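Some notes on the structure that comes next.
The values are calculated or read from the model by the stated rules, or taken from the named source; none is laboratory data. Since the structure is predicted, the reported quantities are computational estimates derived from the model, not experimental observations. Note that we place each Cβ from the backbone using ideal geometry, even for glycine, and neighbour counts take in every protein chain shown.
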Amino acid sequence: MRKYIQLTVFLLLAFLFQSYGQNASITGYVIDSSINQPLTNASVVLLQAKDSFIVKDTRAAKDGRFSFSNLSDSSNYILFFSYPKYVDYSHKTEIKDWAKGTVDMGNISLIQREKFLEEVIVKSRVAAIKIKGDTTEYLADSFRVQPNASVEDLLKQLPGLQVDQFGNITAQGQKVKKVLVDGEEFFSDDPTLVTRNLRADMIDKVQVYDKKSDAAAFTGIEDGVRDKTINLKIKEDKNNGIFGKAEAGAGTDERYNAQGIVNFFKGKRRMSAYATTSNIGRIGLGSADKEKIGDTDDGRENYNGKGLPTATSAGVHYDKKWNADKQSINGNYKFNTMDVEGNETTISQNNLPTGLILSNSVSNFNNTNTSHRANAKYMHKFDTTSTVTVYTDGSFNSNKNANISNAVNLRGDSSLLYDNNNNSFSNYDLNSYNVNVNWEKKFKKYGRTISFYLNNNFSNDASSGESRYESRFYDTENNLDSTASLNLRKTMNDDWRTTNLNVNYTEPLSTKLSLIINYTLHNESANDDKRSFNLTSASPNIVDTAFSTKMSTSILSNQAGASLNYTAKK
């Protein structure tokens, strides 16, 4: 009893101490240094002095006042002030030096940049973290990492960023969907291909921001779509040269893993290539977890976590800018092949009101997937107002699946109830490619735009396979009572083509209200041919109409519309 009383008193004192230690506050006013006018909406960021971690941030009120409350009176803080066209200012404060834990900073005067440059030049160490509007920028060299560390190791050191064991990145509580290199995609949209295969000492700055949709970036009209994005700025002296990495391993049971990547950077031209092969459940560069094995680019449809896949993948990337960055090209090619062979045994018991059913099933499977994927984008900016983009991509996928299984079901007294035998295989091929041409034009009035988007898709999928099922039922004396079977051969051959022409016009009516007029022409044609053949019939080559369909479709549609878009903060 005495121990419980001591523990209760200790926890109460700790709670009181913590509550007492969280009553500190910081207040002040942000004003113009020359005319003593408040700087409304000035950005004020509170960081911990020991690690520059962002604690809180706020905006100055109409009278320039700002405040932070519920702070620890035993911590040291750095206040960072910024305002457009004014010099950034930072101030370190120790709350314990102030009476009653209340820091009154009075007036914080910011100097206009042109006046600051006219009067004095100050040389100082560049801040490790800068906040420019919605962008948080980290100076890479301000954070210490081991020699030859990867970009992923660098990101783990940055305040506000977290990287898990699988390479997934979280920034300010949101998942990072894209990692760009100097504003360009690098090997499509897999962030780990960048973070685990570029060296940290190549990076000048790490920029974290919410990327607008392409439509919102072009028209200036917010649509609410924002993706958390990281942009890696390469150092000028590191933007030329050849570098790469390779790793290999082997073990018992003939297990192996090997992968490598090589990069050739020269100014605004980049070439990269990678290859990987393994039979330990790993595919793609930087993908240690089995979930990664099956993303859309690597064959999820052929791997569900059963068995260990033998996988090989390779890829090539190229991008270049020229003509004062008015023209650019970006291309990628990926190849993946994976073979999964295994067996599965399942033992189960079903408790029913009529008695028990004991089941024992065994299956052997072999699945093979091969895919080729390529894309290319050419962009030509005729001037600051007019851009033409040509984009094309294609994919070729082949899947082969085979399965043999047997299931035995027993009654509670171990007598036979029924058994199932299944022998099936299928081959499936899917080919698809797109050709898109876009023209976007901005007018002198901000927000007034017109755009044309022509999208074409051509696809074909074909499959063939057989399924043989047989079930046998037994009476209570283990004598065969009846049988049921289904033997089908299926074939499929589908073709479809889709063309879309979309025209959009935007007109700003005010700073918050915009008019959007659009027109869409849609043309689609498809031929679907799915046939089944009953292998148990007297004529197994005659189509079984109960399980077959054949259909042709053609669609032409026109759609026009107008909408009002209202955008305001919050």
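Look at ARG113 and say whether it is in the same structural domain as LYS212 (by TED's automatic domain parsing), among the basic types (Lys, Arg) and either modelled with pLDDT of 75 or more or surrounded by 16 or more Cβ atoms within 10 Å (Cβ to Cβ) (or both). No; evaluated as a whole, the condition is false for this residue.
Every residue, every condition in (1) over 30 Å from SER451 (Cα atoms); (2) at pLDDT below 95, yes or no:
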position	(1), (2)
LEU521	no, no
ASN527	yes, yes
PHE533	yes, yes
THR536	yes, yes
ILE542	yes, yes
PHE547	yes, yes
TYR566	no, yes
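Checked against the criterion of being in contact (Cβ under 8 Å) with a residue 40 or more places away in the chain, over 24 Å from PHE243 (Cβ atoms) and β-branched (Val, Ile, Thr), the candidates THR170, THR135 yield just one match: THR135.
Residues that are in contact (Cβ under 8 Å) with a residue 12 or more places away in the chain, farther than 30 Å from PHE443 by Cβ, surrounded by 15 or more Cβ atoms within 10 Å (Cβ to Cβ) and out of contact with any Lys or Arg (no Cβ under 6 Å at 6 or more places or on another chain) occur at least once in region 472-486. Scanning region 450-473 for residues that are of a type in the set (Phe, Trp, Tyr) and touching an Asp or Glu at 6+ places or on another chain (Cβ under 6 Å) yields one hit, PHE473. Residues in region 383-415 that are modelled with pLDDT of 90 or more and not polar (S, T, N, Q): VAL388, VAL390, TYR391, ASP393, GLY394, PHE396, LYS400, ALA402, ILE404, ALA407, VAL408, LEU410. Number of residues in region 391-408 that are within 30 Å of VAL435 (Cα to Cα) and of a type in the set (Val, Ile, Thr) equals 1.
Here is a yes/no grid of residues against (1) of a type in the set (A, V, I, L, M); (2) assigned by TED's automatic domain parsing to the domain that holds LYS50; (3) closer than 24 Å to LYS238 by Cα; (4) surrounded by 20 or more Cβ atoms within 10 Å (Cβ to Cβ):
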| residue | (1), (2), (3), (4) |
| --- | --- |
| GLN146 | no, no, yes, no |
| ALA149 | yes, no, yes, no |
| ASP153 | no, no, yes, no |
| LEU158 | yes, no, yes, yes |
| GLY173 | no, no, no, no |
| PHE186 | no, no, yes, yes |
| ASN197 | no, no, yes, yes |
| ALA200 | yes, no, yes, yes |
| ILE203 | yes, no, yes, yes |
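None of THR385, THR392, THR337 is assigned by TED's automatic domain parsing to the domain that holds SER467, surrounded by 18 or more Cβ atoms within 10 Å (Cβ to Cβ) and in contact (Cβ under 8 Å) with a residue 12 or more places away in the chain except THR337.
Screening LYS326 on (1) touching a helix residue (DSSP H, G or I) at 6+ places or on another chain (Cβ under 9 Å); (2) at pLDDT 85 or above shows it passes everything except condition (1). Residues that are farther than 30 Å from ASN518 by Cβ, at pLDDT below 80 and not basic (Lys, Arg) within region 174-197 comprise PHE186, PHE187, ASP190, PRO191, THR192, LEU193, VAL194, ASN197, listed in sequence order.
Among the residues of region 222-238, those identified as of a type in the set (A, V, I, L, M, F, W, C) and surrounded by fewer than 18 Cβ atoms within 10 Å (Cβ to Cβ) are VAL225, ILE234. Note on region 151-260: enclosed strands (runs of 3 or more DSSP E) holding 3 or more residues that are among the β-branched types (Val, Ile, Thr) and over 14 Å from the mean Cα position of the chain (by Cα) are 203-212.
Of the residues making up region 73-92, those that are among the charged types (D, E, K, R) and under 36 Å from the mean Cα position of the chain (by Cα) number 2.
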